[in-house]
Amino acid sequence: MQFRDLNAQYMKIKSKIDDAVFETISEGHYIGGRQVKELEDTLAKYVGTKHCISCANGTDALQLALMAWGIGAGDAVFVPDFTFFSSAETIAVVGATPIFVDVEDDTINMCPASLERAVEAVLEEGVLNAKAICAVDIFGQPAGHEAIREIAEKYKLYVLEDGAQSFGGNINGRMVCSFGDISTTSFFPAKPLGCYGDGGAIFTDNDEWAEILNSLKVHGKGLNKYDNVRIGMNSRLDTIQAAVLLAKFDNFVRYEIADINKVARRYTELLKGYVKTPVVRDGYTSSWAQYTIQLKDIEERTRVIDALKKENIPAMVYYPKPLHKQDAFVGAKKYTELEVTEKLCDTVLSLPLHPYMNDTDIESVANTIIAAIEQN
Ligand SMILES: *Cc1c(COP(=O)(O)O)cnc(C)c1O
């Protein structure tokens, strides 16, 4: 069994992807080919934003957004303590200070109450300028963007939506990557919409920021690459990756999101009552980057992992360590309690999940977990 079976997806549309890749090679525009613009137009329309700016990966996408806003030394950006490293790493890369915020015990997304406490604490201290909130949509489910937006407006903060794990998710039909003032995503192979290498994209309705982002991703170009008006990066999406994404996009929209939701629902049916199953809020649709259960404690989790290993079932701990405990952030000041994150890092476990998973495999994962729990 595979954790995320990318080959099953490839085999289904092999000739379409192969053709798209070979066509790109024979056309010869390896950087900035027509497929890049075509993808940007397709994704902007799908998400419902005015602009989509593709780039090299989801980490660069976050960094470029922060750079476009001129965020740097002396600025504070609020970010969940429970997320992939990139969400906070990029804040530090531009010289700003990540302020870690706790998450909700059920959705595992940023806790609005903890966010507001952290903002108040930063303002009260009066050392850093509170500038932005990095609202991560964890594991596929959009964050509580309504509550986060209210806080952003109250304290005049930008919202940067990190939709790396949640492309294709929505809240009452409004798509992920449309909730931020600037939003970002990743096309890393294992993400909901993945390419065959690294890739990312940035979304915004703001014309001025879109222009700055398009400049920043090509060495701060002005009129062209050899006219440089600001310090930027080299962060373009390869034409081949754009072609792969275009080839995959139809199925992603047509049935992959629906099918992965079916797999998730089946897991929940089987596991309910035995473990804490993922909670998706009313009106929210997850694109299920991960199906993450919560066990009672670290001992029970270890027992479940061992039982799965014996059956050759892959399972992953996303994430084993709160960001504020990473060596890279040693000495980071705590502005709010981070207890939920600390507990989750000991209890979460992500199960094999992809749109092509069959019922036999789902049942075998669930039965192994239930047996391991009941054994005790
Ligand atoms: C994967 C991920 C990123 C980074 O994306 P890359 O394309 O790997 O650089 C950023 N934020 C979150 C929450 C992610 O899961």
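The values are calculated or read from the model by the stated rules, or taken from the named source; none is laboratory data. Here the structure is a predicted model, which is why all the values come from computation and not from measurement. Positions of Cβ are generated from backbone atoms using ideal geometry, with glycine treated the same way; all protein chains shown enter the neighbour counts. Note: accessible area is taken over every heavy atom of the protein model, side chains too, but ligands, DNA and RNA are not part of it. Shrake-Rupley method; radii C 1.70, N 1.55, O 1.52, S 1.80 Å.
Structural remarks
- Whether the range 62-137 is rounded, prolate or oblate, judged on the alpha carbon gyration tensor where a/c under 1.5 counts as rounded: oblate
- A simple charge model with +1 on the Cβ of Lys and Arg, -1 on the Cβ of Asp and Glu and nothing else charged puts the dipole of the range 50-143 at about 460 debye relative to its Cα centre.
- Of all accessible heavy-atom area on the chain, the percent that carbon and sulfur account for (1.4 Å): 50 percent
- Centre separation in Å (Cα based) which lies between the range 236-289 and the range 156-172: 15 Å
- Percent RCO, i.e. relative contact order, over the range 252-352, from Cα pairs under 8 Å lying at least 6 residues apart: 33 percent
- Of the trypsin sites (Lys or Arg not before Pro) found in the range 149-225, the ones in coil according to DSSP and having at most 13 other Cβ atoms within 10 Å of their Cβ are K156, K225.
- Where only DSSP H runs of four or more residues are counted, the chain gives -13000 deg cm²/dmol as its mean residue ellipticity at 222 nm, each run worth -39500 (n - 2.57).
- Here the range 239-347 is treated with +1 on each Lys and Arg Cβ and -1 on each Asp and Glu Cβ, and its dipole about the Cα centre works out to around 80 debye.
- Relative contact order (%) - the range 93-158, alpha-carbon pairs under 8 angstrom, separation at least six: 29 percent
- Magnitude of the charge dipole for the chain, about its Cα centre and with charges confined to Cβ atoms of Lys, Arg (+1) and Asp, Glu (-1), is about 560 debye.
- Expressed to the nearest 5 percent, the antiparallel share of DSSP beta bridges inside the range 66-205 is 30 percent.
- Pairs of Cα atoms nearer than 8 Å and 6+ residues apart set the relative contact order; for the chain it is 23 percent.
- Surrounding net charge for N376, when Lys and Arg each add one and Asp and Glu each subtract one, Cβ distance under 15 Å: -2
- Accessible surface area normalised per residue over the chain is 43 Å², counting heavy atoms of protein chains with a 1.4 Å rolling probe.
- Longest segment of the chain lacking GluC sites (Glu not before Pro) that sit in a DSSP loop with at most 16 other Cβ atoms within 10 Å: 1-310
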